[in-house]
Amino acid sequence: MGFITRHGAGSRASNLAVKLKFWFFLFFLASGFCSLLNEVVWTRLAMANYGVTTVSISIVLSVFMLGLSLGSWIAGRLCDPLRNASARVELLFYSLCELLIGVGAIAAPKMLVLGRAFLIHSNTTWASPAYTVMSAACIIIALLPWTVCMGATLPLAMSVLRKTTPESARSFSFLYLANTLGSTFGSLIPAFVLIELLGFHHTLRVAASLNLLVACISTMLAGLKLPSPP
């Protein structure tokens with residue numbers, strides 16, 4: 001009877017681990033889509049506010065890459081002291097990051113506009129070195145916090161799967177595949193479909209809604225009794 005009970009509990013834990021991997025695949029598919037959607041729209045809005053120049057485009061792309069790198073590093077450092085904590089804690093951190101990314105999709109355009117207003121009132125000459133530096137600072141302030149959250153999602157998800165699934169060695173390639181597929185769709189669909197149909201701001205609302213949905217579902221998953229690998 002004890003064997004049957006243990007076997008049943010092990011089977012339920014295994015099923016939950018499979019479902020958790022399935023959910024994370026969907027999360028990173030949606031997250032990759034939203035990240036590239038945000039990048040495409042943010043780049044166009046930055047050009048609309050600060051000028052259609054190679055410098056402004058380069059700044060947006062650089063901030064995006066910097067945020068991803070910083071977020072990955074910060075989350076990696078965070079996971080180290082949480083090594084002995086429950087996977088639920090890191091899953092809640094992951095949910096928080098997705099929530100903030102959704103907020104950023106709406107907040108970043110408003111911050112870009114505020115930065116433009118600041119530059120106008122500063123009477124800085126357009127395309128001057130001072131203008132370039134100040135516009136770069138405005139773009140960094142508007143975009144960096146949200147891209148840091150994007151970068152933090154992968155290490156946090158990896159840590160959750162490492163604590164809940166027996167095949168954690170495959171987690172990186174599994175999540176990277178989902179993120180790459182989502183990014184591919186996120187770079188193509190906005191340019192050819194969403195922006196044309198909805199415009200910039202409504203397209204960002206689509207991204208924000210997906211991020212908030214991911215945050216809600218992952219928070220619900222954190223309320224379950226998460227399995228531990230054998």
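The values are calculated or read from the model by the stated rules, or taken from the named source; none is laboratory data. Note that the structure is predicted; figures quoted are calculated from it, not measured. Cβ coordinates were reconstructed from backbone atoms using ideal geometry, including for glycine residues, and neighbour counts include every protein chain displayed. Surface areas here come from the heavy atoms of the whole protein model, side chains and all, with no ligands, DNA or RNA. Shrake-Rupley method; radii C 1.70, N 1.55, O 1.52, S 1.80 Å.
What do you reckon, is Ala130 under 22 Å from Phe64 (Cβ atoms), in a helix (DSSP H, G or I) and either open to solvent by 10 Å² or more (accessible area, probe 1.4 Å) or not aromatic (Phe, Trp, Tyr) (or both)?
When the stated conditions are applied, Ala130 does not pass them.
Of the residues that sit in the range 180-215 and are open to solvent by less than 70 Å² (accessible area, probe 1.4 Å) and touching a Lys or Arg at 6+ places or on another chain (Cβ under 9 Å), which one is modelled with the lowest pLDDT?
Ile195
What are the residues in the range 86-145 that are under 30 Å from Phe27 (Cβ atoms) and free of Cβ contacts under 8 Å to residues at least 12 places away in the same chain, if any?
Here is the first cut: in the range 86-145, the residues under 30 Å from Phe27 (Cβ atoms) are 86-112, 139-145.
Hits for the range 86-145 are Val89, Lys110.
May I ask you to verify whether Ser218 is open to solvent by 50 Å² or more (accessible area, probe 1.4 Å), farther than 20 Å from Gly67 by Cβ, among the small types (Gly, Ala, Ser) and in a helix (DSSP H, G or I)?
The answer is no for Ser218.
Determine whether Phe64 is under 23 Å from Thr165 (Cβ atoms) and part of a helix (DSSP H, G or I). Walk me through how you get there before you give the answer.
Details: under 23 Å from Thr165 (Cβ atoms): no; part of a helix (DSSP H, G or I): yes.
Here the answer is no, as Phe64 does not meet what is asked.
I'd like the full set of residues that are open to solvent by less than 70 Å² (accessible area, probe 1.4 Å) and part of a helix (DSSP H, G or I), limited to the range 104-127. Explain how you work it out, then say what you get.
Within the range 104-127, the subset open to solvent by less than 70 Å² (accessible area, probe 1.4 Å) is 104-109, 111-112, 115, 117, 119, 122, 124, 127.
Listed by number, the residues that qualify are Gly104, Ala105, Ile106, Ala107, Ala108, Pro109, Met111, Leu112, Gly115, Ala117, Leu119.
How about the range 50-81: which of its residues are open to solvent by less than 30 Å² (accessible area, probe 1.4 Å) and touching a helix residue (DSSP H, G or I) at 6+ places or on another chain (Cβ under 6 Å)? Break it down stepwise before answering.
If we filter the range 50-81 for residues that are open to solvent by less than 30 Å² (accessible area, probe 1.4 Å), which is where we start, we get 50-51, 56, 59-60, 63-64, 67, 71, 75, 79.
Within the range 50-81, Tyr50, Ser56, Ile59, Val60, Val63, Phe64, Gly67, Gly71, Ala75, Cys79 qualify.
So, in the range 25-60, of the ones that are modelled with pLDDT under 85 and not aliphatic (A, V, I, L, M), which residue ends up nearest to Leu91 (Cα to Cα)?
Per the stated criteria, the residue is Ser56.
Kindly provide the set of residues from the range 75-89 that are more than 14 Å from the chain's Cα centre (by Cα) and either part of a helix (DSSP H, G or I) or closer than 26 Å to Ala108 by Cα (or both), ordered by number.
Within the range 75-89, Gly76, Arg77, Leu78, Cys79, Ala87, Arg88, Val89 meet the criteria.
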